[in-house]
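Below: the structure, in structure tokens.
Computed from the coordinates by the stated procedures, all read-outs in this text should not be read as laboratory data. Only a predicted model underlies this, so the values are computations on that prediction, with no experimental measurement involved. Quick reminder, even Gly has a Cβ in these numbers, built from the backbone with ideal geometry, and neighbours come from all protein chains shown.
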Amino acid sequence: MTTAASRAAILTLLAAVMAATRLHHFAAVPDASWAVFFVGGFYLSRWTRWAFPLLMALAVVVDWIVIRGSGIDFWTHYCVSPGYWALVPAHFAMWAGGWWLQRHAGTLDLRALGLLAVSVAVATMVCHLFAQGGFYWASPVVAEPTVAGWWKNYTDWLWPYLRVTATYVGIAAVVHVAVLRLLPASRAAEADAARR
């Protein structure tokens with residue numbers, strides 16, 4: 001598989017995961033969107049110019065489908081306020097975290113695991129700052145916003161979002177390590193078969 005084909009397969013998989021989990025925002029399966037953008041930044045940094053906007057557009061389309069499917073006009077839903085557009089820098093914070101990790105974690109070792117943990121935590125905190133802050137400060141749902149109210153809301157929701165994002169990124173990291181471990185064995189088997 002060529003590098004472009006690998007990237008296309010990863011992009012397709014990420015889009016499918018985001019669509020499948022985002023369609024069920026409030027179901028038992030948590031939304032993987034933040035992790036999708038983080039993993040996208042890690043694998044698709046060379047395609048940022050069009051892969052990030054494509055995944056961002058997909059997120060909006062899925063939101064539109066979910067909201068319209070519940071019989072509510074998209075533009076009047078309580079989640080869609082001027083703050084909704086803060087999801088663009090929020091999701092880009094996740095993308096940038098993945099891109100940063102890809103540039104700084106060269107080998108599979110404890111240092112790389114530490115960098116993974118730090119980059120996921122920092123990216124999620126910044127993402128949540130934009131996403132939650134955009135909603136809190138720009139939504140008419142919050143009648144009288146205060147710094148104390150914003151801080152309480154931010155800290156109340158940070159851990160659940162960090163836990164979900166870290167779980168999905170952890171799954172992606174395990175798959176990443178497994179594929180890297182299997183590739184040399186697969187190539188050795190192919191070379192051995194070719195010699196026979």
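Using a simple spin-label model with points 7 Å from Cα along the Cα→Cβ vector, what separation in nm is obtained for H104 and L183?
It is 2.3 nm.
Enumerate the calculated ³J(HN,Hα) couplings along the range 107-124 in order (Karplus 6.51 cos²θ - 1.76 cosθ + 1.60, θ = phi - 60°), each rounded to whole Hz, writing x wherever the residue is Gly or Pro.
10, 8, 8, 5, 4, 4, 5, x, 5, 4, 4, 5, 5, 5, 5, 5, 4, 5
Who wins for biggest fluctuation among V141, V39, V126 in a Gaussian network model of the chain, springs between alpha carbons below 10 Å?
Fluctuation is largest for V141.
Where does the longest stretch of the chain lie that holds no chymotrypsin sites (Phe, Trp or Tyr not before Pro) found in a DSSP loop with 13 or fewer other Cβ atoms within 10 Å?
79-196
Give, rounded to the nearest 20 debye, the magnitude of the charge dipole that the chain has about its Cα centre when Lys and Arg contribute +1 at Cβ and Asp and Glu contribute -1 at Cβ.
720
Output wanted: per-residue J couplings in Hz (rounded whole) for the range 34-40, from phi through Karplus 6.51 cos²θ - 1.76 cosθ + 1.60, θ = phi - 60°, x for Gly and Pro.
In residue order, the calculated couplings are 5, 5, 4, 5, 5, 5, x Hz.
Here are a few candidate values for Cα extents along the principal axes in Å: (i) 74, 36, 32; (ii) 65, 40, 24; (iii) 47, 37, 31. Which one was actually calculated from the structure I just gave you?
Here the calculated entry is (i).
Can you give me the distance in nm between label points at V61 and A138, each placed 7 Å from the Cα along the Cα-to-Cβ direction?
2.3
Suppose every Lys and Arg Cβ carries +1 and every Asp and Glu Cβ carries -1, with no other charges. What dipole size does the range 1-103 come out with about its Cα centre, to the nearest 20 debye?
380
If you plug each phi of the range 57-74 into the Karplus form 6.51 cos²θ - 1.76 cosθ + 1.60 with θ = phi - 60°, what whole-Hz ³J(HN,Hα) values come out, in order, with x for Gly and Pro?
5, 4, 4, 5, 4, 5, 4, 4, 4, 5, 5, 5, x, 8, x, 10, 5, 3
Would you give the gap between the C-alpha center of the range 47-89 and the C-alpha center of the range 119-183, rounded to a whole Å?
17
Among T146, I171, I72, whose Cα sits farthest toward the positive end of the charge dipole of the chain (+1 at Cβ of Lys/Arg, -1 at Cβ of Asp/Glu, about the Cα centre)?
I171
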